[in-house]
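Below is one structure, written out as structure tokens; comments come after it.
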Amino acid sequence: MSGVWAVFAREMRLAGRSKTEWMMPPFFFVIVITLFGLGAEANDPRLADFAPAMLWVAALLSTLLTLERLFRGDLEDGTLEQVCLSRTPLVLATAVKLLAHWVLSGLPLVALSAPLALGLGMRSDAIGVLVLSLALGSPCISLVGGFVAALTVGLPRGGLLLPVLVLPLITPVVVFGAGAVRSVQDGLDPQAPLYFLSAILALCVTLVPWAATAAIRNAFD
């Protein structure tokens, strides 16, 4: 466990040294939602209807900004190879890196979603479901995106493939996440889409670290 904690602590220290890179997702998230609000007609009630889709798509695009450097920096400076050769199981180190990515890029978006949704005119009950859906769905984005980042880490221009590969895979998460909020706005029960999000999260937590580990090992073969 000391090795696992060392990996997590290292990710936090690196984030502290490159604050600009990790401040980009929440800044981009706030800017996109603010521009939607400014571009719409004042007091337009339709803005609240479109808010779930806007917030979810903005959260997805914001998370994509930092995925390319998730493993590439460690590959370039030799850290990834040392982790592969260390006594710490690679699957645990990979899982911790994915967790750190969500803490740094996904968790701030969950915290910012409530005030931004309030500014778009969403009801309080819908805002609660929005925060819950993002808390369930944003880890899925980090996990699936991390797998694709591991899959393309050895490619010279892997960053160009990331959005192309991630967006189709993460579409069900966006559909169920925004659908849960729309269900509340329409007076329906949001439990079904939230259950689907929970199932997708459980599947990602179970399988993605192993798949990402296999992709990383393949990069050295």
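Observations on the model:
- For the residues S133, S124, the requirement of being surrounded by fewer than 15 Cβ atoms within 10 Å (Cβ to Cβ), polar (S, T, N, Q) and within 17 Å of A48 (Cα to Cα) singles out S124.
Yes/no matrix, rows are residues, columns are (1) assigned to a helix (DSSP H, G or I); (2) modelled with pLDDT of 80 or more:
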residue	(1), (2)
A9	yes, yes
E21	yes, no
F28	yes, yes
A42	no, no
P52	yes, yes
T66	no, yes
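- Residue within region 87-110 that is polar (S, T, N, Q), part of a loop (DSSP other than H, G, I, E, B) and surrounded by 15 or more Cβ atoms within 10 Å (Cβ to Cβ) present: yes
- Note on region 169-217: residues that are more than 29 Å from L47 (Cβ to Cβ), more than 18 Å from the chain's Cα centre (by Cα) and without any contact (Cβ under 8 Å) to a residue 60 or more places away in the chain total 1.
- When the criteria are applied in full, V205 fails the requirement of being crowded, with 16+ Cβ neighbours inside 10 Å and of a type in the set (V, I, T).
- Contacts under 9 angstrom Cβ, first residue in region 153-167 being over 11 Å from F71 (Cα atoms), partner surrounded by fewer than 18 Cβ atoms within 10 Å (Cβ to Cβ) and at pLDDT 80 or above, 6 or more apart: P163/L61
- Residue satisfying all of: in region 23-45; of a type outside the set (A, V, I, L, M, F, W, C) and closer than 18 Å to T63 by Cα; nearest to the chain's Cα centre (by Cα) among these: P25
- In region 164-181, the residue that is farthest from G73 (Cα to Cα) out of those that are surrounded by fewer than 18 Cβ atoms within 10 Å (Cβ to Cβ) and touching a helix residue (DSSP H, G or I) at 6+ places or on another chain (Cβ under 6 Å) is L169.
- Unique residue being among the aliphatic types (A, V, I, L, M) and touching an Asp or Glu at 6+ places or on another chain (Cβ under 9 Å) when the list is A126, A111, A149: A149
The values are calculated or read from the model by the stated rules, or taken from the named source; none is laboratory data. Treat the numbers as computed from the prediction; the structure is a model and nothing was measured. Positions of Cβ are generated from backbone atoms using ideal geometry, with glycine treated the same way; all protein chains shown enter the neighbour counts.
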